[in-house]
Amino acid sequence: VASAGRLPEAFRKAHAGDPISAFGGIVGLNRPVDGAAARAILKAGFLECVAAPRFTSEGARLLKVKKNLRLVEMPLIPPYRASDYQIKPVSGGLLVQESDRFRKGPAVWKRAAGPKPTAARQRDLLFAWTVARFVRSNAIVVVKGEQAVGIGGGQTSRVDAVRIALKQAGKKARGAVLASDGFFPKPDGPAAAVRAGIRAIVQPGGSVQDPAVVAVARRAGITMLLTGERHFQH
């Protein structure tokens, strides 16, 4: 996952974030695919599908050369009010839970430790927090330069999700930011992030271990922001 001023660059950044998992994957884009974007996509190797709001004639012509590559036009959905609840079937009944509405933004996040983030770092923190919304919990997202360089999702242990995301990020973790969809139950996750070179963490807070978790960030001199709300993708 990545964002950039031009679509080809955004795609290259997203693909570079995890080129191994991208093999045989689906590309989702929020801008029309022109010739430049199509050429960037063609260099990425085997893909199953490209979905975008529109394909220019040149973009479609270039991509159609790829055998069995599906091109899907999906108009951007205008902003809408999410329903208050999600309903999921479970054995013997239904599970009803509040929707993840993402009500709060950086303006109301609490800085629990470290320096005030720069504008660029704040953009990365918001980007990481947004991506974490769509990763299966327990979810950890590492971002650098509006590029997801490490994602650990679907783990029963939050510290394991941290380790997976940091391993995927490798050297790119140094100077990056990290988002956690839920609070850290122990200081081990933030401690691992500090050792890897993470410079800012955004997480909901609310654990009985919050003082110990925040203390890790304070000792390391890194920023820790508390959102006061969590994501949940189950």
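The values are calculated or read from the model by the stated rules, or taken from the named source; none is laboratory data. Just so it is clear, the model here is predicted, and its values are computed rather than measured. Please note: Cβ atoms are built from the backbone with ideal geometry, for glycine as well, and neighbour counts cover all protein chains shown.
Quick notes on this structure:
- Among the residues of the stretch 143-156, those that are closer than 16 Å to GLY182 by Cβ and either within 9 Å of the chain's Cα centre (by Cα) or modelled with pLDDT under 95 (or both) comprise ILE151, GLY153, GLY154, GLN155, THR156.
- Members of the stretch 1-29 found to be farther than 21 Å from ALA120 by Cα and assigned to a loop (DSSP other than H, G, I, E, B), listed by number: ASP18, PHE23, GLY24, LEU29
- Test: residue in the stretch 38-57 that is of a type in the set (Phe, Trp, Tyr) and either surrounded by 15 or more Cβ atoms within 10 Å (Cβ to Cβ) or closer than 13 Å to PRO8 by Cβ (or both): yes
- Scanning the stretch 194-226 for residues that are β-branched (Val, Ile, Thr) and over 16 Å from the mean Cα position of the chain (by Cα) yields VAL194, VAL208, VAL213, VAL214, VAL216, ILE222, THR223.
- Residue within the stretch 181-193 that is under 17 Å from VAL214 (Cα atoms), in contact (Cβ under 8 Å) with a residue 24 or more places away in the chain and within 11 Å of the chain's Cα centre (by Cα) present: yes
- Within the stretch 91-103, the presence of a residue that is outside the structural domain of LYS144 (by TED's automatic domain parsing), touching a Pro at 6+ places or on another chain (Cβ under 6 Å), of a type outside the set (D, E, K, R) and farther than 25 Å from GLY182 by Cα is excluded.
- Residues of the stretch 191-232 classified as in contact with a Phe, Trp or Tyr (Cβ under 6 Å, 6 or more places away or on another chain) and either at pLDDT below 95 or not in a strand (DSSP E or B) (or both), total: 6
- For the stretch 98-119, taking the residues that are in a helix (DSSP H, G or I) and in contact (Cβ under 8 Å) with a residue 24 or more places away in the chain, the one that is surrounded by the most Cβ atoms within 10 Å (Cβ to Cβ) is identified as PRO106.
- Only one entry of PRO32, PRO19, PRO75 meets the criterion of being surrounded by fewer than 16 Cβ atoms within 10 Å (Cβ to Cβ) and under 27 Å from ILE164 (Cα atoms), and that entry is PRO19.
- Residue within the stretch 122-135 that is surrounded by fewer than 20 Cβ atoms within 10 Å (Cβ to Cβ) and small (Gly, Ala, Ser) present: no
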